[in-house]
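In what follows, a single structure is set out as structure tokens and then discussed.
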Amino acid sequence: MLAIESNALSKVYRSGLLRRQEVTALTEFSIQVETGQIFSLLGPNGAGKTTFIKMLLSLAAPTSGSASVLGRRLPDVRVREKVGYLPENHRYPGYLTGEQVLSYFGALGGSHAGPLPGRISTLMELVGLSQWRTMKVKKYSKGMMQRLGLAQALINDPEIIFLDEPTDGVDPVGRKEIREILRDLKRRGKTIFLNSHLLSEVELVSDRVAVLDKGHLLKVGTVDEMTATGQAYVIGITGTLPEPVTVAARAFVIRLSQQGENVTAECRTTAELNRVIDLLRKHGVEITSVTRQRSTLEDSFISLITGEARP
Ligand SMILES: Nc1ncnc2c1ncn2[C@@H]1O[C@H](COP(=O)(O)OP(=O)(O)OP(=O)(O)O)[C@@H](O)[C@H]1O
Ligand SMILES: [Mg+2]
């Protein structure tokens, strides 16, 4: 079943005198997110990521297009009973303690007072805030606020969790802990929708990624699909690449070049790679390793955004 589906969803914000000022935040955005997956929306500042989440939560009205969450066509406020949301730049009243924040949001979300304290303890433990549960949130650090925000998003045991920049301001150890929590939630069948511009983060946890820029969907796929560079291989060799190999390989590979002890072969097929290896062996070259070259998601992201996408 699909957890989230959007069809040609667009949003134009209108403001100013006679609402004449227009900002197009999202243009005909269509995606599908399967239940139980971690899906990330990646894009630079102002790409439209937060706008998309707000429309899915019926906090902003689409200008055109349609969307559904958990099979319910939007707008439908009942969807909110089944979702958790960590907004970006969230603020809680500073005079409340961490557990009072959770208690407040739990009550707002309709949780019964009976099981709530137990659930709050479990969540504070989960996000590593147990020892600060009775501290007022005005004394919380940025990272502690993010952790509390994550606990808040989970307070009503949602089916889908929307997290807008969840690791913003969190230190590397905390980020790793948050990734573990997300993986654990996934194991328990939850769907997680993540907004981020932290590419390395997204790469580590996501099943699928969509890249958004200036409101347009540039690409969607698995992390592997996004990072595969096609058929570039790095062949480790000892010594230098013999000239006859370079000449012979030029006839069939896209590119063959040497940097130090590594030969990079850009091939169209694995058969071509094997021909390169045969050539090297024929000329007595010792091969120490063969690896498929991958770009990081960051490389793919930057080349997509700057329009330098490789074929
Ligand atoms: N309430 C609003 N009124 C007018 N314009 C808005 C409003 N909210 C967002 N925008 C504009 O819509 C565009 C998309 O904004 P959005 O907040 O969705 O981007 P984002 O991808 O979440 O960015 P960031 O990574 O900085 O959080 C931006 O140009 C922004 O200025
Ligand atoms: Mg945003």
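The values are calculated or read from the model by the stated rules, or taken from the named source; none is laboratory data. Keep in mind the model is a prediction, meaning the values are calculated, not measured. Quick reminder, even Gly has a Cβ in these numbers, built from the backbone with ideal geometry, and neighbours come from all protein chains shown.
Where residues in region 54-88 are within 15 Å of ligand 1 (Cβ to nearest atom) and assigned to a helix (DSSP H, G or I), which of them is surrounded by the fewest Cβ atoms within 10 Å (Cβ to Cβ)?
54
Could you grab the pairs with beta carbons closer than 9 Å, sequence gap of 6+ or different chains, first residue in region 4-27 and within 12 Å of residue 55 (Cβ to Cβ) and basic (Lys, Arg), second one more than 12 Å from ligand 1 (Cβ to nearest atom) and assigned to a strand (DSSP E or B)?
11/64; 11/65
Does residue 138 qualify as being among the charged types (D, E, K, R), touching a residue at least 12 places away in the same chain (Cβ under 8 Å) and under 16 Å from residue 9 (Cβ atoms)?
Criteria not met by residue 138.
Take the residues of region 10-27 that are of a type outside the set (Gly, Ala, Ser) and within 16 Å of ligand 2 (Cβ to nearest atom): which is nearest to the chain's Cα centre (by Cα)?
Residue satisfying both the conditions and the ranking: 26.
Do the conditions hold for residue 198, that is, is it touching a Leu at 6+ places or on another chain (Cβ under 8 Å) and not aromatic (Phe, Trp, Tyr)?
No, not satisfied.
Return the residue satisfying two criteria in turn: it lies in region 171-200 and is away from ligand 1 (no atom under 16 Å from the Cβ) and among the aliphatic types (A, V, I, L, M), and of such residues it is farthest from the chain's Cα centre (by Cα).
173
Is region 28-49 home to any residue that is away from ligand 2 (no atom under 16 Å from the Cβ), surrounded by fewer than 17 Cβ atoms within 10 Å (Cβ to Cβ) and more than 26 Å from residue 222 (Cβ to Cβ)?
Taking every residue of region 28-49 in turn, none turns out to be away from ligand 2 (no atom under 16 Å from the Cβ), surrounded by fewer than 17 Cβ atoms within 10 Å (Cβ to Cβ) and more than 26 Å from residue 222 (Cβ to Cβ).
What residue, of 243, 203, 225, is modelled with pLDDT of 85 or more and of a type in the set (Asp, Glu)?
243
For residue 53, state whether it is within 16 Å of ligand 2 (Cβ to nearest atom), touching an Asp or Glu at 6+ places or on another chain (Cβ under 8 Å) and of a type in the set (Val, Ile, Thr).
Spelling it out, residue 53 is indeed within 16 Å of ligand 2 (Cβ to nearest atom), touching an Asp or Glu at 6+ places or on another chain (Cβ under 8 Å) and of a type in the set (Val, Ile, Thr).
Answer yes if at least one residue in region 77-86 is assigned by TED's automatic domain parsing to the domain that holds residue 39, under 27 Å from the mean Cα position of the chain (by Cα) and within 16 Å of ligand 2 (Cβ to nearest atom), and no otherwise.
yes
Kindly evaluate residue 95 against the criterion of being hydroxyl-bearing (Ser, Thr, Tyr), without any contact (Cβ under 8 Å) to a residue 60 or more places away in the chain and surrounded by fewer than 14 Cβ atoms within 10 Å (Cβ to Cβ).
yes
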